[in-house]
Amino acid sequence: MRKKIVAANWKMNLLQSDALSFLKTLRSHDLSKFPQLDVVIFPSSIFLEKMINEYVGKLGIGAQNFYFEERGAYTGEISLDQLKSINCSYVLIGHSERRTYFSESPELILNKLKAAVNKQFNSVLCIGESISVRNSANHLSFLEDQLNDSIGMLEENDIKSISIAYEPIWAIGTGLTASVEQVNEVHNFIRSFLVDRFPNLGNDVRILYGGSCNEQNAKELFSCLNVDGGLIGGASLDSDKFYQIIQAANEVSRIEY
Ligand code: 13P
């Protein structure tokens, strides 16, 4: 059975004091009582080291961004070795905001994915279609292209450390959560792609949903067969809401399929 993941993408939000008080609340809930879940936070990079050192216990802390080259003249960038040197073990790759606002190309995303695999990071690879692609009913072929350009270029063994987050762009930050039918259609499609391409390990890759997922809809979404957790934006900025989402994942992770 795949272990569920609840991940927070804080994007460019929260100050250091907010981040630390969030951790304090989470620590008071004692996440070790959820051994069947992985909980991960992707804060702004400047808080990574402090958060990693502050939180003793079961919580993954990851970087929202990095550059794939090992070192050198890349002003403003952070390497995977630098992240490793502060014990950071997760990275986010291919988020639509980075594809759109920072022009991250499929080639760059593939380079980042390969570098993260080589350096043994746990990667969350994001894919998702825009509203115009969705309205033209071409979303599955669009998503297939995004998968072919990224995880599809890897060897089977490489996928062990990768999770995929399906984040329809039209659902991000809009309050328009994808319906259970829409989520099932895409997640089942991603699963078939994975199993087809990687017959031995494709079933083990976790597929998260992201896009206006919150404490009210998490349980229903996480109950879907191929939804192995969530990547949460807005609702992850509030520690109480985020904890409710963790509880929702815990409730459904007891269900045996
Ligand atoms: P929201 O939960 O705010 O829609 O954001 C989702 C997201 O982009 C997570 O990476």
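Read the figures in this text as sums done on the coordinates, not as results from a lab. Quick caveat, the model's predicted, so the values are computed rather than measured. Ideal geometry is used to build each Cβ from the backbone, glycine not excepted, and the neighbour counts take in all protein chains shown.
Quick notes on this one:
- Helical runs (DSSP H, four residues minimum) scored at -39500 (n - 2.57) apiece and divided by the length of the chain put the mean residue ellipticity at 222 nm at -11500 deg cm²/dmol.
- Normalised alpha carbon radius of gyration of region 39-83 [divisor 2.2 N^0.38 Å]: 1.25
- The calculated Kirkwood hydrodynamic radius for region 56-164 is 14.7 Å, given to one decimal from all distinct C-alpha pairs.
- Student exercise, the chain dipole from Lys, Arg, Asp, Glu Cβ charges, in Debye to nearest 20: 600 debye
- Within straight-line cross-link reach of Lys219, lysines at Cα separation under 17 Å, skipping those fewer than 8 residues along the same chain: Lys3, Lys4, Lys241
- Sorted by Cβ density within 10 Å, fewest first, the residues Asp38, Asp145: Asp145, Asp38
- The ranking of Phe242, Phe193, Phe102 by Cβ neighbour count inside 10 Å, starting from the fewest, reads Phe102, Phe193, Phe242.
- Packing around the peptides 10-19, 40-49, taken as the average count of other Cβ atoms within 10 Å per residue, puts them in this order, highest first: 40-49, 10-19.
- Protection proxy ranking, peptides 213-220, 230-237, average beta carbon neighbours within 10 Å, highest first: 230-237, 213-220
- Helical segments meeting 24 Å axial Cα length and Kyte-Doolittle -1.0 threshold in the chain (DSSP H): 180-197
- The mean sequence distance of close C-alpha pairs (under 8 Å, at least 6 residues apart), as a share of the length of region 115-257, puts its relative contact order at 22 percent.
- Exposure proxy ranking, count of Cβ atoms within 10 Å, fewest first, for Val6, Val39: Val39, Val6
- Each part gets one Cα centre, and for region 197-221 versus region 122-185 those centres are 10 Å apart.
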